Each structure stands twice: as structure tokens, then as C-alpha cells.
Amino acid sequence: MGRDNFAEKALIFLRTRLCDPSFIFSSFSNSPDSNYSKLKFIVSSSVIEGCNNSILLLGPRGSGKVAVLELVIRDLLLEYPDMITVEIARQLCVENQLLFSKMASFDDNSQFMLAMLRECGLAHKTIIFILDEFDLFAQGKQRLLYSLLDAMQSVSSQAVVIGISCRLDADQLLEKRVRSRFSHRKLLFLPSINEEWHRLLEHILLLPTESTLPPNYVTEFNEKIQVSLNRRNILADVKFKEIITTCTNIDSTVNALLKFLFRAVSNMDLGTGFLSLENFKTALSTMQRQPKLECIKDCSILELYILVCMRRMEIKEQNSYNFNSIMKANYYWFFRLYLHVYEYKSVHDSCQTSDYYAQNVCLRAFEHLLRRELISFADNRGNNQSIEFRPVKLLVSSHELHQALTSTRSSPAILIKLLAGELFSQFGLIYD
Amino acid sequence: MRPLTIRHFPLNLNFEAAATLDDPSFNYQNLARNHRLLIMGKEETPQITRRATRHSSANVSKNETETKASDQPLPPTLNDLFLGEKEKPISLDNVVSSFPGRRVQIIEVMRILGPVNCPMVPLFVYGDSSTGKTSITNQIFRHLNRPFVYSSCLTCYSPRILFESVLNQLLFHRKNAANGYSSAKRCEKPSDFVNLLREALVSVTSSLQGNSDKSSSKKLCRRACGNMIYLIFDNLELVREWDKSSTILPFLFNLHDILKMPEVGLIFISNTSPDTYYTSMGYLEPATVYFPDYTEDDLRQILLLKQENKKLYSSFLDVVLKSFFRITRRVDELSTSFSQLFRKYCEPLNDLGVVPNEEMKRRLFSTLQPHIAPAMNEIFKVSSQTSTEGGATKHKSSSKKSSLEVSDQLDLHMSTSAKYLLISAFLASRNPATLDASLFDSTGGSDNRKRKRKPSEKSLDLKESAEQELMMKGPGTFPLERLLAIFQCITSVAEGSFEEEEQENDGIGVQTGDDSLMSDVLLQLSSLCNANFIVKGGSCPLEGSTRYRSTVSEDMVLKVARSVKFPLSKYLYRR
């Protein structure tokens, strides 16, 4: 019972850690050249010297821009408790007109803002404006940005405008009048290098000794992790490194790593209570998904037929085709399928049922494919056309198709050959 | 009112989990009005529990006119967010065994949800329809007995309704006549939603914490339910078609980061894989769990689940499953067609409880065999009578192709003039306009002369490409005047030969040259348009008038022509 209990506690502890960005990024806070230090320096200087400032934080999604910023603000609030008012104008999207009050007009709002800036300037308080998704604020006329930055220049106030965006060219989006009022400071959030990963992993995965968990469990747990992290010449070590590298090769942002670790940690076996290499391996396999491939593998044979036939149309350089032309051009193959599916021994049996119904079933399978988004309509025009007349296109590559066909056991050999184009010569042998 | 049906048939549990129909043509408005949120909470006293059970298990949504004052449901409480309280909680083994072939996925989801009181990253569950995504998620929450808020983007068809539905559930607000069916909070903007949601969540989680403190004394929760609350968004793929999808989607995916509340777990359920969601905005990818389609063995187990005579049904499946499996792998489609086929299979049997031996199997197979192929052809069709045991497993995509179903009962419902109108629309769509004069010329001589000309090599090529073009373009469009002209022509032909029929019908519009009847024809035309047999195309840029297009298939028109004894093939231009 004891072990189970500890293991669960440890699991919850680790998961809480992984979901708490401020903890993750606190590991970066002690190095002098990190973004954390730079940002902190800028903001604190404007607090102390009472000047205006503006800065852009740029980096790919999930690289921890907001997390670092919040860390900075939290720390600064501790240092200068009564000097900062945090005015977070974080509105996710295009609601820039409605930042402050919904009822008042834009003019009233800017008046109010000016007044407030002045007040705060007199009281020696610094206002921090955080504009998340900065690129969206740059849409349209940029009146908001302009009036905000203009107000900062004209009034003796203390304010810091921090824009956050994942577009690296966010400052190029600004109009001239806005750009001239914006000090061109940018902080780039770049992917970390290997050693940092290592430190981050240690920072996250090692349990603290001064917790409610029993110390011998903690030491054992940490030792297990250290083995896979540190000790050389151990197979586990090399493999673990490999796993981490593949993971960071796919997506090198911090959040992607966190997601990976989260999967690994949630795979932890509560019976033994320790993280094992297997956990990381399974987590990696869940990260490396190929949705399209899975989707093709899930198709029924009829649907696979349609996909392969569409592929054949593309090989034949037919640039635009629809359901009807697929059915017509590949009549022979659907006929073969028809015999195959319905298990008719001879052609004569099948001639009794009408072809029309078979086409109906194919059309339904075709709709399935559309819903699965393996194929799509080539254009948005002709919405009132029925499905069989609208031109379609494949959304999967022939490589994916081939890979899926060869890797599923149930797919008939004839399809693979058909895809490879080996059966072209037999085209005439319909009735044999 | 259309009854909502249960989507994942093997478990006939109480999800009214509103709107599990994937049919896009389903009336959203109606659904939204009927929309009943997943309220199945435990009530305090047994007496009330019974009432609540009846109320919530009714398939038809809350209908206030029927609910008398005495039958007023109690105002929802915190307990309504639990699924596992009122009904018997089920064990994990039970969940796994009720979903054959889903063991791996269930465990994976359970792992990501984690033990009590632990935060999670957003979860993204995806897989084709009828692979058990929603039902498994529901059952897992029933098993875990944790509070959750379920909202489907199918019933909540706009951001505002989605936001308000989530908030209503969190604020324990139920729409009724007293509050004029209004929501607890009016909320249209994502930013308002975030603020309101945070407020609501804070109050809920704090009361949850209070509960878990007192749980030992009040016995409110049999097991510790923790202070996590989960928001489930179902049918997320529909959001992509919303007007503001480019902002709503990243917003939903980033909701976890924006809220910054570790007590909130987000679960997205979607039909399509995560790679179909890429937008220009970008977002952090949630943790994904894939529900693959069932394999043949899984399907066999699922289909066997509800059968009384498993031996008999399994011998039936031996015969049919393999070939049907090649056409579709979806449980809902298979079960619909099997339920009828199985009845055919059982027809020769007197006693349904019989255990079939080899000889009997052979006999049964031979009687069934002629029915298999037609059943396969109709695998996606909906028969008019509903099956008894399969419940009202309404078929998706049935209403899409209305012409297929209607064709059989067509004779009953259309007047003669409508039939002629349909035929003339078909002719106008298929025949080139330039040939109208020669085809409908009363002498018809020029037509014959043309046919006799020997086709040259070049004209054959032309013909081929024209054929190609026709296949790509589908039926052509035509202006109203042309339709009416053809209509007049063919009715004048018919008038001569079928006078007696016309008298029978008392001249329903089949009179030419009479201007007073033209309005009737136009009325018929508009009703045909409404029935989607003729669609209005874009207007011609030169003439400015609306153009029409016929959507009916050739087979159907042939049937119609036969019913009015009209020689259609004579007028149809074949290339």
C-alpha cells in the first residue's frame, strides 16, 4: 500500500510541476544572458528610472514567452511592491476596440487611458501593458496601438508596452506612424541547446528531497532517473538520449518537450513507482503519429479501391476528375471488386443485379472518404451541384497510400499491384 | 419532434448527451432548442431520484408544456456535474468489457486523466465516427465519478451558444419558462467568456473543495472526486465551418493556457485528425489519443453484445460479416443493415432460442443467400419501416440523397403536371439547347437525317471530349423560358395520345396555351425546387435571370416517364 501511495503522490507532484509553467521556466532565471534576465532588466529599469519603454517578445508557439513574462512580473512585484500596476490588456483576438470598457466609445476609452496614465505618472507607478498576439493588434488601422504609444510619448508617464507574438516579422506589420513611436527592442525566444535540455530535464524530473514523500523513496526515484540521464556507457543512457533528441528534432520548443514528458510521466507504472525507459518510449510513439496513414489504414476495402483509382487518375495526368469519371475510368476495377466483395463465382451471376446500385454503394464510400478528409473537393464553387459531379482531389500522397496498403494485412494484393501500375497490360482481360 | 437517438448502440445507457447525430443536414435550430445538457446528477432523496431519472431518461428533450408544475425539475446543483453518482458507478473492467477492442484507448485516456486531483494537459480524442469516442469518455467519467461539463459543438452551433451552454452548466442554470429560456449570462466574445468562465470555475472548484472536505460526513462522494473539473467539447470538427473559426479554434485550443487554472481539464473530441485543424494562427498541440476503426473481430464482439441467442447470431455473422466488412467498417451502418438481414435469416426458424447445428446453418444460409447482395446494395439506404430491435438507430447521411428514397413513393405524391415538369427539366438539363428545335419539332425528320451521317474521325474525338466534359460538368443549367417551352412541347404531344388520362386527372395543368394555368406550373416548379429535384443555379450574367438545374438521376426520370407513359428515350439526346 505504501509504495502505491508514494508513487501516486509522486505522479501527482510531477504532473503538477509539468502543468505549471512558472516552475519550468524558473530554471532559466539564474543564468545572466537568458531572456528572463534581459526582460527583467528592461522592465525594472523603466520602473526605477521612470521612463517609457516598449518591447516585443517574439518566438514560436510554446517557447514560453508568456511564462517568462509572468515570472518577471511576479518577481518584480516582489521587489517593488507598490510601484507597479499591472494592467493586462490581454484580449485574445481581434477585440482591440473593446479593451477597456464595452459601453464607451473608442474616444472615451483613450481619454480615460490618458487620464489614468497621467495619474499613475504622478504617483510614480509604472503601468505594464501586455499585448498578447501582437500581430492581431497590427491588423486594420492600428489605431489602438497608435493611440497607446502616442499617449505614452506625450504624457509624463511610466509605462511599458510589451507585445507578444509568434510572428517573427511582427514589427514589420506596423504602420510607419506606429513604428516610429515604438522602440525597436526585440527579444527572440530561440530553442535551447542540448545542455539546457539536460538541465531542464533534471530540473523537472528529480523529486525534491524536502517533500512529504519518504526520503528513501525519493532517493531511489532520483537515482533511477540519474542513471538514465548521467551514467555513461549504459545502454539506457544512449537510448534515452536518442529519445530526447528525436523528440526535440520534431519540435524544439519547451512546451513540446513538456507535452512529451507529460505523456511519459502519466505512463508511469504505479506498481513499481518509478519512471522507466519504456514509459518514454511509449510516449515517443504517441508523439510520432501519422494521422493520414492511420486514416488510410482504417478504410474499408471499397474505400481503398476508390483511393487507388483516384491515384491512378492522377498518374494518368487527368488534372480534374469527379466521382463519375472515377467510376467510368476504373470501371473494370470496380467490376473486379464487385465480384470480389459479393463473392460471385462467375460473371453471369452478377449480371442479374443492376450496376446502378453498386454505384450507389460506391458513392456512399466516397462520402465517407470526404468526411474523413482523405479527399476533398477541388474548389468551393458549385455548392448546389450534387456530389458526384463536383471535382475532387486526393489529400494523401502516393507514398502514404502505398505505405498504408503494404502495412495492412487485409488489403488485397491486387490493389497494391494496381497502385504500382503492374496490371495495365491485363486491362483487356475483363471476362476471364 | 424528432427523438434524439443513442449513437453508440452496444451500450444502451442513458446518454441523451444531446445530439449525437452527425448528420450535417439535421436541423440545427431544432436540435438546439431541444438541446438538453447532460444533467444526470444524483439527487439527495430516493423519491426525487426517481423523478429525476424519468425526466432525464426521456429521449425527447425537456418540453415545458408537458412538464406540469408538480413535475418541475429541481434546480440543478453541483451534483449535476457528476455522472457516476445517481446511477451505479461502474468499475473499470466493466467499462473495458462493454467496449470491445477499445482497451488500449481507455487505458490511455485514463492515464492522461491521471489520479485524483492532478492537473492535466488538454486532451484531444479523435477517430472516425462511431468508434466510441463520446461514449467512452462519458463512461470513463462515470467510472471516475468526477465532475465534468459536456457541450457538443453540434448542438451549440455558434460561439455564443457554446459559451453560454458551458456557463449555464457551471452556474447551475437551467433554461425554463420562468426565466424565459434565457441563459445565465449573455456572452458572445471570447474575452468575456474567459472572464465569466474563470469566475464560474473558481466558484465551482471552491465548492468542490468544500465538498471533499466534508465528504466523509455527508457521504456525498463515495470516492474522492477531487477538485478537478473537466470541460468536454464534442464534435469539434464542426467549429471549422463557423464564421469566426479562425479565431475560435485557436482560442479553444489555447483556453488552458489562457485560464491558467490547474484545476481545469480540457477534453476535445473530434471526428477528424489534428492535422486538419492547422490554421494560420497556430496553437499548441494537445495530447492526442486516436480511436481507430474496429477490426473485424471487434465488430463481431460488438454486434454480439446485445444479442440474446449468441450462437445463432454468430453463425449469422459468419455468413455476412466478412463481405459487409469490405464495404464499411462502421458499427452504425452495419448494425442497421444486419438487423433486417438477421430477421430474414431467422424467418425459417420457429424457436429463436435454438442452437444451430451444421446442417441447420447450411439450410439457413441457403435461404439467406439471395438476400445478401441486395442488402449490401442497400447498405446505406434507410428502409421506411423502422426496425424493432435496433431501436431508432437513425442512419446518417440519409437525408442527403433524398432522391433515392423518394423514388419509390414518387408515384403517390406527384401530380401529372409535376411529373411532366420534372421530365422537361431533366431534358433541358441533359440536352444541348441548340438541339431543342430539332428534337421537339413535330415532324422529327431533321433528327433522323442527322443521325444517318457517318461520323468522321475528328467528330469522334470531339464526341469523346464532349462526353468527358459532360461527365465533369454534370447536368447543365437552363433558363425558365426554355423549361416552359419544353414543358409545353411535351405536354402537347402527350395531350394527343393520352387524352383519357388527362380527363381522369381533371386537367391538372396539362393544358397548353392556357395562360391562366401557367401560374400553377410555376407553383409546381417552386415546390420541385423545394424538394431539391430542381435547384436554382447562379443567375446568368448576360440575361440576369435565374437559371435552373435538374438534379434527378436518369433512372428516376425513366421511372417517372414510365408512370405517365411518356416516350422519354425519343427525346433524349445521346452523344
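The values are calculated or read from the model by the stated rules, or taken from the named source; none is laboratory data. Computed from a prediction, not measured in an experiment: that's the story for all the values here. With ideal geometry, Cβ positions are generated from the backbone for all residues, glycine too; neighbour counts draw on all protein chains shown. With ligands, DNA and RNA removed, areas are computed over all heavy atoms of the protein, side chains included. Shrake-Rupley method; radii C 1.70, N 1.55, O 1.52, S 1.80 Å.
Residue order by solvent-accessible surface for B:314, B:246 is B:246, B:314, largest first, with ligands and nucleic acids left out and a 1.4 Å probe. Among A:177, B:482, the sequence by solvent-accessible area, most first, with a 1.4 Å probe is A:177, B:482. Pairing chain A with chain B buries about 6200 Å² of accessible area. This figure sums both sides and uses a 1.4 Å probe.
Looking at region B:296-379, the accessible area is 46 square angstrom per residue; that uses a 1.4 Å probe and ignores ligands, DNA and RNA. Could you work out how far the C-alpha centroid of region A:196-216 sits from that of region B:117-157, in angstrom? When both Cα centres are located, 33 Å separates them. The simple spin-label model puts a point 7 Å past each Cα toward its Cβ; for residue B:91 and residue A:186 those points are separated by 6.1 nm. Taken residue by residue and averaged, Cβ atoms of other chains lying within 10 Å of the Cβ of B:103-110 number 1.
Residues whose amide H falls under 5 Å from that of residue B:288, counting only those 5 or more places apart or on a different chain, are B:124, with hydrogens built in the peptide plane. Take the solvent-accessible surface of the protein heavy atoms, probe 1.4 Å, and return the percent of it on region B:296-379 that carbon and sulfur atoms account for. C and S fraction of accessible area: 49 percent. For GluC sites (Glu not before Pro), no site in region B:159-215 is both called loop by DSSP and has at most 10 other Cβ atoms within 10 Å. What number comes out for the charge environment of residue B:357, summing +1 per Lys or Arg and -1 per Asp or Glu over other residues with Cβ under 12 Å away? That sum, taken over residues with Cβ under 12 Å, equals +2. Magnitude of the charge dipole for region B:296-379, about its Cα centre and with charges confined to Cβ atoms of Lys, Arg (+1) and Asp, Glu (-1), is about 80 debye.
Within region B:231-278, the chymotrypsin sites (Phe, Trp or Tyr not before Pro) that combine a DSSP coil assignment with at most 14 other C-beta atoms in a 10 angstrom radius are B:278. Taking amide hydrogens as placed 1.01 Å from N in the peptide plane, the amide H of residue A:161 sits under 5 Å from those of A:53, A:54, A:55, A:129, each at least 5 positions away in sequence or on another chain.
Quick check: from the Cα gyration tensor, does region B:301-343 come out rounded (a/c under 1.5), prolate or oblate? Taking the square roots of the gyration eigenvalues as a ≥ b ≥ c, region B:301-343 is prolate.
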